[in-house]
Amino acid sequence: MTEEHLDRMVRDADPYRPDVIGHLDGAEQALLEEIMSEPTPDRVAEAPQPRSRARRGLVRRLAGPLTAAAALIGVLAVVTVYGEPPEDRQAAPTETAGPTSAGPTTSIVFSPVALKAAEENPRLLIDEPGWQVTTVYGFAEKQGTIAFRNGEQQMDMNWYPADQYDGYHADRRHVSAPEAVKVDGWSGDLFRYGAEDFAVMLRPRDGVFVELRASGGNRKEFDQLLTKVVRVDVRTWLAALPPEIVTPAKVDERATVVLADIPLPPKFDKAALRDLGTNDAYQFGAQVTSRVGCAWIAEWQRARRAGDDAAVRRAVDALRSSHKWQVLHEMNDEGDWPEVFWETADKVAAGEFPRGYEGALGCD
């Protein structure tokens, strides 16, 4: 995960919001103040600073079940769609992905599970060659993110439940006065964060609203980019996702790979991982190991209270073994999640209660 991406996630999570700050306990409030005292993204760009452990923890807490994201390996030429029907722009015939800037039409069959998941989000893409999908996560319970990059320009599309729209919109009005805009016929408001940092909040639709956040271009370039954002049909959206993306239909297969060398906590429900939504490989690995780690820490606490020394040792051994888990080593070059996990696991292995682990690991 880059410093820039981490800063964007912390900023987009709005840790300064009064309604969030008002519900933090003492430890969380102190952590928040430490993070908010760190350099702004502009200062970080001028003089890179080491990422604080506390900051990583806050990202996990405010992102709920999501992890601090890392960019995918690989390139996607975003689907180019044709025609202008009144609602979603349609892909080529049923079960077939439409033509892309990367090549001709290809036949792709999607599972009913993947189709249903995609139907429950607005399915926006950038209809312009050169834009690459770099991150995908969430899309469970009407929340998720898909990010695109083209050179120095970046656009994140963040989905949220419709009932959160008023609160987010009120916060954005502290950033700038809203300017009415439309994205593929969908009404919204534009907010200016800086000379090369803009956001558009689209009004709620089908139970969700979307915020598009772009950086790396001036206002004219941003306005032009908005004309290239289109709402597409389910199959076109799914076809635009790189093959590494773990859609609901791929969860069982990918989970088997991730969990191959990981000792599972008592009563761990592998089938429950199907509710993780659609995620890139890094996000999926982080979410799976999050659930395993949280469950082992809960078992460690239970065993200590019960005086069950054998169960305590099993939990400690399992968490200590995380230093050998293949998925964490595969993720380590892409982001900080493995380091956060190991730091927490090492505290348990040393017999120390890992204060704040719920936020660090995203435990419920």
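Is the stretch 217-266 best put as rounded, prolate or oblate by its Cα gyration tensor, with a ≥ b ≥ c the root eigenvalues, rounded for a/c under 1.5, and otherwise prolate when a/b is larger than b/c, oblate when not?
Cα axes put the stretch 217-266 in the prolate bin.
Let me spell out the model: positive unit charges on the Cβ of Lys and Arg, negative unit charges on the Cβ of Asp and Glu, origin at the Cα centre of the stretch 127-207. What dipole size does that give, in debye rounded to 20?
I would put it at about 140 debye.
How much length is gained if the chain between GLU253 and ALA271 is pulled fully straight, taking 0.36 nm per residue apart and subtracting their Cα-Cα distance, in nm to one decimal?
Extending this stretch completely gives an extra 5.4 nm.
Give me the percent of the accessible area of the stretch 138-177 that comes from carbon and sulfur atoms, probe 1.4 Å, all protein chains in place.
Numbers: 790 of 1790 Å².
Carbon and sulfur: 44 percent of the exposed surface of the stretch 138-177.
As an exercise, take the mean of 1/r over every pair of distinct alpha carbons in the stretch 155-313, invert it, and state the Kirkwood radius in angstroms.
Kirkwood radius, the stretch 155-313: 19.1 Å.
So what J values fall out for the stretch 233-240 if you push phi through Karplus, 6.51 cos²θ - 1.76 cosθ + 1.60 with θ = phi - 60°, rounded to Hz, Gly and Pro as x?
Per residue, the Karplus-derived 3J(HN,Hα) values read 6, 4, 5, 5, 5, 5, 5, 7 Hz.
At 7 Å along the Cα-to-beta-carbon direction for both ALA170 and ARG205, put a label point, then send me their distance in nm to one decimal.
In this crude spin-label approximation the distance works out to 2.6 nm.
Please enumerate, by chain and number, the lysines with C-alpha under 19 Å from the C-alpha of LYS220, excluding those fewer than 8 residues away in the same chain.
Counting by Cα, and skipping residues close in sequence, LYS220 has these lysines nearby: LYS182, LYS228.
Quick check: convex hull of the Cα atoms in the stretch 238-330, volume per residue, rounded to a whole Å³?
84
Under the Karplus relation 6.51 cos²θ - 1.76 cosθ + 1.60, θ = phi - 60°, what is the ordered set of whole-Hz ³J(HN,Hα) values for the stretch 340-349, x standing for Gly and Pro?
Once θ is set to phi - 60°, the couplings for the stretch 340-349 become 5, 4, 5, 4, 5, 4, 5, 5, 5, 4 Hz.
If you place +1 on the Cβ of every Lys and Arg, -1 on the Cβ of every Asp and Glu, and leave all else neutral, what size is the dipole of the stretch 166-259 about its Cα centre, to the nearest 20 Debye?
Its charge dipole is roughly 180 debye.
For VAL246, list long-range residues whose amide hydrogen, built 1.01 Å from N in the peptide plane, is under 5 Å from its own amide hydrogen.
ASN279, ASP280, ALA281
Quick one: what does P(r) look like for the stretch 287-364 with 5 Å bins over all Cα pairs, in whole %?
So the P(r) values, bin by bin, are 3, 17, 29, 26, 16, 6, 2, 1.
Can you compute the modelled spin-label distance between LYS220 and SER187, with each label point 7 Å from Cα toward Cβ, in nm?
Output for this residue pair reads 3.0 nm.
Which FRET efficiency value, to the nearest 0.05, do you get for ARG305 and GLU339 by plugging their Cβ-Cβ distance into 1/(1 + (r/R0)^6) with R0 = 51 Å?
For ARG305 and GLU339, the calculated efficiency is 0.95.
Tell me the volume per residue, in Å³, of the convex hull enclosing the alpha carbons of the stretch 314-358. Provide the component values of the computation, followed by the final result.
Details: hull volume 3.1 nm³, N = 45.
Spelled out: Cα convex hull of the stretch 314-358, divided by residues, is 69 Å³.
What list of ³J(HN,Hα) values in whole Hz, one per residue of the stretch 175-187 in order, does the Karplus curve 6.51 cos²θ - 1.76 cosθ + 1.60 (θ = phi - 60°) give from phi, with Gly and Pro shown as x?
My calculation for the stretch 175-187 gives 7, 6, 5, x, 10, 5, 9, 10, 10, 6, x, 9, 6 Hz in order.
With a 1.4 Å probe and all protein chains left in place, how much of the accessible area of the stretch 214-307 comes from carbon and sulfur atoms, in whole percent? It would help to have the intermediate numbers written out before the result.
Details: 1970 of 3770 Å².
Whole-percent figure for carbon plus sulfur exposure: 52.
For the stretch 262-334, build the charge dipole from Cβ charges (+1 Lys, Arg; -1 Asp, Glu) around the Cα centre, then report which of GLN283, ALA271, MET331 sits farthest towards its positive end.
ALA271
Would you please give the residues with an amide H less than 5 Å from that of LYS142, counting only those at least 5 places away or on a separate chain, with H modeled from the backbone geometry?
Amide H neighbours of LYS142, under 5 Å, 5+ apart: none.
Sort 293-299, 257-263 by the packing proxy (mean of other Cβ within 10 Å over each peptide's residues), most packed first.
Details: 293-299: 21.1, 257-263: 15.7.
Ranking the peptides 293-299, 257-263 by packing returns 293-299, 257-263.
Under the definition of Cα pairs under 8 Å and six or more residues apart, what whole-number percent is the relative contact order of the stretch 213-314?
Worked out over the stretch 213-314, it gives 24 percent.
Placing +1 at every Lys and Arg Cβ and -1 at every Asp and Glu Cβ, with all other atoms neutral, what dipole size does the stretch 249-364 have around its Cα centre, in debye to the nearest 20?
My answer is approximately 520 debye.
The values are calculated or read from the model by the stated rules, or taken from the named source; none is laboratory data. Because the structure is a prediction, the values reported are computed rather than measured. Using ideal geometry, Cβ is built from the backbone for each residue, glycine included, and neighbour counts are taken over all protein chains shown. The accessibility values were calculated without ligands, DNA or RNA, using every heavy atom of the protein model including side chains. Shrake-Rupley method; radii C 1.70, N 1.55, O 1.52, S 1.80 Å.
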